[in-house]
Amino acid sequence: MPNNKKKKTIKVIDLFAGVGGFRVGLDRASNTKYGSFETIWSNQWEPATKKQHASEVYVARFGNKNHSNEDIAKEVQKNNVPDHDLLVGGFPCQDYSVARTLSQSAGIEGKKGVLWWEIYKILKNKGAKAPKYLFLENVDRLLKSPANQRGRDFAIILGCLAELGYAVEWRVINAAEYGFAQRRRRVYILGFKKGTKHYKKIETLHKENKILDIIEKTGIFAKAFPIEKNDTPIPDIKLDKNIKKISDNFNKEKAGSRSLFNNSGVMFNNEIFTLQVKEDYTGPKKTIGDIILPLNKIPKEFFIDKNSLKKWKYLKGAKKEPRKGKDGHEFFYTEGGMVFPDALDKPSRTIITGEGGASPSRFKHVIEQDGQLRRLTPLELERLCGFDDHHTEGAADVKRAFFMGNALVVGVIEKIGRELIKRV
């Protein structure tokens, strides 16, 4: 019997879009039997530069229709952001503390220049038309920042989402642990507005005292990235409904202690359940060796010349040496050695924004291929992040490396997207 069920189209806005990692991943997750993601508006603004390199790459790949290259904290009018079903974004990790409680009914105000609050304002301004779903990404230290109030920043975000009527799943995922070619650990956050199908599922499991099923078996992250069964004790975390009080008091009595948040969790109605989980994956695993180009395709500027090899070895090597500070204070500087060259039979280390350029560096990747040492090319860095070859072509090599240092692993977004589309 034919399936006449209409496929869903999820309208997406793409914030802090970079060169389009979220969009590529969701496009690849589309056109399944469940439906598609359609990006209807995007915003990318780099405050540190006049020339907007990432935005130019985004436009070159996806066109300039409904793309905003304006500062979302200043020029973008929140009321002009189109109505949408799903808000996505890899927002910068900063200090999210609340500066004050507003006297008006508008609620709270965070530190200036902190882009989480721009997401909050969009959701707040939309009111009843706020998106049904959120899909956010950040560095995993978000779960334990700041140092003097571990976990406060993430607690503020969860408190804001609870206030706005969202249930939340989160999970820290290291891409390499699930077969991808880069060791990149990030926290992924999914929000579900009250009334949506997945919100109702979380609500039901909460009433039945089975909410850990979301983390362990039935949630989107558990389906996309399976975990081993875990018997870790669950900390009892109940968020204050006053965001200002979260900012002022969360985990304050234990300053300097560990965060209350583990690498996986769910939040419903200001109540938090969180577990430390471990991956359960036995499939194929990609390595640097799987993505590299043949030697005859490598431009000569990527090879390590003999004159700089000594500096490369020094920077990569272990150190214990006397140094003197600017104030004349003498001290011993120590650091461990790094693998040099990087192993071809393992995933890469996390790509950093300073990966490009010929100057010797402790953190840039160097491989040995047919007896020759060389840096990775921009195309190879694109592959380590899961982009199509030449995605960032047109920009300078140093910029292309910078983009990949800021990017996410596209395949992780695709896998989460494929599970998300089933639940909407």
Report task. Take the residues in the stretch 250-307 that are of a type in the set (Gly, Ala, Ser) and assigned to a loop (DSSP other than H, G, I, E, B), then tell me which one is surrounded by the most Cβ atoms within 10 Å (Cβ to Cβ). Result -> SER259
**Report entry** Unmet criterion (only one of (1) farther than 21 Å from ASP397 by Cβ; (2) crowded, with 16+ Cβ neighbours inside 10 Å; (3) of a type in the set (Ser, Thr, Tyr)) for THR350
**Finding:** (1)
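Here is a check on your reading of the model: is ILE220 farther than 21 Å from ALA175 by Cα, crowded, with 17+ Cβ neighbours inside 10 Å and not charged (D, E, K, R)?
Numbers: farther than 21 Å from ALA175 by Cα: no; crowded, with 17+ Cβ neighbours inside 10 Å: yes; not charged (D, E, K, R): yes.
No, not satisfied.
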Query raised in the report: Restricting the search to the stretch 390-424, which residues are part of a helix (DSSP H, G or I), of a type in the set (A, V, I, L, M, F, W, C) and surrounded by fewer than 18 Cβ atoms within 10 Å (Cβ to Cβ)?
Result: VAL398
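For (1) at pLDDT below 95; (2) assigned to a strand (DSSP E or B); (3) of a type in the set (Ser, Thr, Tyr); (4) within 25 Å of VAL424 (Cβ to Cβ), each residue gets a yes or a no:
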{"position": "ASN4", "(1), (2), (3), (4)": "yes, no, no, yes"}
{"position": "VAL12", "(1), (2), (3), (4)": "no, yes, no, yes"}
{"position": "LYS33", "(1), (2), (3), (4)": "yes, no, no, yes"}
{"position": "LYS51", "(1), (2), (3), (4)": "yes, no, no, no"}
{"position": "VAL57", "(1), (2), (3), (4)": "no, no, no, no"}
Query raised in the report: Where residues in the stretch 88-109 are modelled with pLDDT of 85 or more and not in a strand (DSSP E or B), which of them is nearest to LEU420 (Cα to Cα)?
Result: GLY90
Query raised in the report: In the set LYS112, LYS129, which member is assigned by TED's automatic domain parsing to the domain that holds VAL172, surrounded by fewer than 19 Cβ atoms within 10 Å (Cβ to Cβ) and modelled with pLDDT of 95 or more?
Result: LYS129
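Table: residues versus (1) more than 25 Å from GLU419 (Cα to Cα); (2) small (Gly, Ala, Ser).
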{"position": "LYS197", "(1), (2)": "no, no"}
{"position": "GLU228", "(1), (2)": "no, no"}
{"position": "ASP236", "(1), (2)": "yes, no"}
{"position": "LYS241", "(1), (2)": "yes, no"}
{"position": "SER247", "(1), (2)": "yes, yes"}
{"position": "PHE250", "(1), (2)": "yes, no"}
Requested in this report: Might you check whether a residue that is in contact (Cβ under 8 Å) with a residue 24 or more places away in the chain and within 30 Å of LYS7 (Cβ to Cβ) occurs anywhere in the stretch 391-398?
Outcome: yes
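Filter the stretch 117-135 down to residues that are of a type in the set (A, V, I, L, M) and within 20 Å of the chain's Cα centre (by Cα), then give me how many there are.
First, the residues of the stretch 117-135 that are of a type in the set (A, V, I, L, M): 119, 122-123, 128, 130, 134.
Retained after the next criterion (residues that are within 20 Å of the chain's Cα centre (by Cα)): 119, 122-123, 134.
Of the residues in that region, 4 qualify.
I need the full set of residues from the stretch 322-351 which are farther than 30 Å from GLN372 by Cα and part of a strand (DSSP E or B), in order please.
Narrowing the stretch 322-351 to residues farther than 30 Å from GLN372 by Cα: 322-333.
Matches in the stretch 322-351: PRO322, ARG323, LYS324, GLU330, PHE331, PHE332, TYR333.
If you go through the stretch 74-87 one residue at a time, do you hit one that is part of a strand (DSSP E or B), more than 21 Å from ARG418 (Cβ to Cβ) and at pLDDT 95 or above? Show your work before the answer.
Within the stretch 74-87, the first condition is being part of a strand (DSSP E or B), and the residues that meet it are 86-87.
Filter again for more than 21 Å from ARG418 (Cβ to Cβ), leaving none.
No, every residue in the stretch 74-87 fails to be part of a strand (DSSP E or B), more than 21 Å from ARG418 (Cβ to Cβ) and at pLDDT 95 or above.
Being surrounded by 13 or more Cβ atoms within 10 Å (Cβ to Cβ) and either of a type outside the set (S, T, N, Q) or outside the structural domain of ALA358 (by TED's automatic domain parsing) (or both): is that true of PHE332 here?
Working: surrounded by 13 or more Cβ atoms within 10 Å (Cβ to Cβ): no; either of a type outside the set (S, T, N, Q) or outside the structural domain of ALA358 (by TED's automatic domain parsing) (or both): yes.
So PHE332 does not fit the description; no.
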Report summary line: If we ask which residues in the stretch 365-387 are outside any strand (DSSP E or B) and either more than 23 Å from ASN174 (Cβ to Cβ) or free of Cβ contacts under 8 Å to residues at least 12 places away in the same chain (or both), their number turns out to be 5
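The values are calculated or read from the model by the stated rules, or taken from the named source; none is laboratory data. Since the structure is predicted, the reported quantities are computational estimates derived from the model, not experimental observations. Note that each Cβ is placed from the backbone with ideal geometry, even for glycine, and that neighbours are counted across all protein chains shown.
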